[in-house]
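**Student:** This structure is in structure tokens; I'll ask about it shortly.
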Amino acid sequence: MKDAIRLVADLMCIAARTAPKAAGKDFVVTSVVDGDILLDLADAMVDYGKTSGKKNYDRDGANVAQSSACVLIGLKDAEVCGLNCGACGHDKCVDLPELHDGSEFAGPVCFWRSVDMGIAVGSAVKVASMHNIDNRIMYRVGVLAKKTGLIDADIVIGIPLSASGKNIYFDRG
């Protein structure tokens, strides 16, 4: 079953890669983690929750430890779209401040590049759903995937994957 889940994870990365992007420019990056690296990620999540005092890293880390694989989707060096739309809070794209590291992710990011990432994530989870692979989009996974260098990206979302009798990501205490 793990081989099938890994295949679906790879297909999810293809879906994210080929998802539509604003102005046809692609800044989405993907990766898949499994095996011992996945367990290391789960441990890092639990540890980070303890040291930072932030809630639910332990809960989500336990979910990751129970997973067969995890798809990582991020944005790297995303340029502004150039629409001067103001959605980022600035009237002109040139006024968006330089990218800088925050406590968990780097930003600010052009609103439309965030939409690109959202479409990529949605395309990926659609593939998982089509193959009956349980999954959940997790912010906390992305934080530790970035911090531990599992993916070179400025912003990251993690999507752990499982196939069991009950959905471990939603049927939790």
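The values are calculated or read from the model by the stated rules, or taken from the named source; none is laboratory data. Please read these numbers as outputs of a predicted model, since none were measured by experiment. Positions of Cβ are backbone-derived with ideal geometry, glycine not excepted, and every protein chain shown enters the neighbour counts.
**Student:** Is there a residue being among the acidic types (Asp, Glu) and part of a helix (DSSP H, G or I) anywhere in region 51-74?
**Tutor:** Looking through region 51-74, at least one residue is among the acidic types (Asp, Glu) and part of a helix (DSSP H, G or I).
**Student:** Step by step: first the residues of region 139-173, then only those that are out of contact with any helix residue (DSSP H, G or I) (no Cβ under 9 Å at 6 or more places or on another chain), modelled with pLDDT of 95 or more and of a type in the set (Gly, Ala, Ser), then the one that is nearest to ASP10 (Cα to Cα). Which residue is that?
**Tutor:** By that ranking, first place goes to GLY142.
**Student:** May I pose another question? I'd like the full set of residues that are charged (D, E, K, R) and closer than 13 Å to ASP60 by Cβ, limited to region 127-168.
**Tutor:** Taking region 127-168 first, the residues charged (D, E, K, R) are 134, 136, 140, 146-147, 152, 154, 166.
Result: ARG136, ARG140.
**Student:** Against the condition basic (Lys, Arg) and farther than 30 Å from ALA42 by Cβ, how does LYS92 come out, does it pass?
**Tutor:** Yes; evaluated as a whole, the condition is true for this residue.
**Student:** Follow-up question, since we're still on this one. In region 83-121, what residues are surrounded by 15 or more Cβ atoms within 10 Å (Cβ to Cβ), assigned to a helix (DSSP H, G or I) and not basic (Lys, Arg)?
**Tutor:** CYS93, PHE111, TRP112, SER114, VAL115, ASP116, MET117, ILE119, ALA120, VAL121
**Student:** In addition: Of the numbered conditions (1) buried (at least 20 other Cβ atoms within 10 Å of the Cβ); (2) within 23 Å of ASP58 (Cα to Cα); (3) charged (D, E, K, R), ASP171 satisfies every one except a single condition; which is it?
**Tutor:** Only one criterion is unmet by ASP171, namely (1).
**Student:** Further question on the same structure: Considering only residues that are crowded, with 16+ Cβ neighbours inside 10 Å and in contact with a Cys (Cβ under 8 Å, 6 or more places away or on another chain), look in region 10-48 and name the one that is farthest from ALA124 (Cα to Cα).
**Tutor:** Step by step, filter region 10-48, then rank; the result is LEU41.
**Student:** Can you find, within region 43-88, the residue that is farthest from ASP152 (Cα to Cα) among those that are out of contact with any Asp or Glu (no Cβ under 8 Å at 6 or more places or on another chain) and of a type in the set (Val, Ile, Thr)?
**Tutor:** THR51
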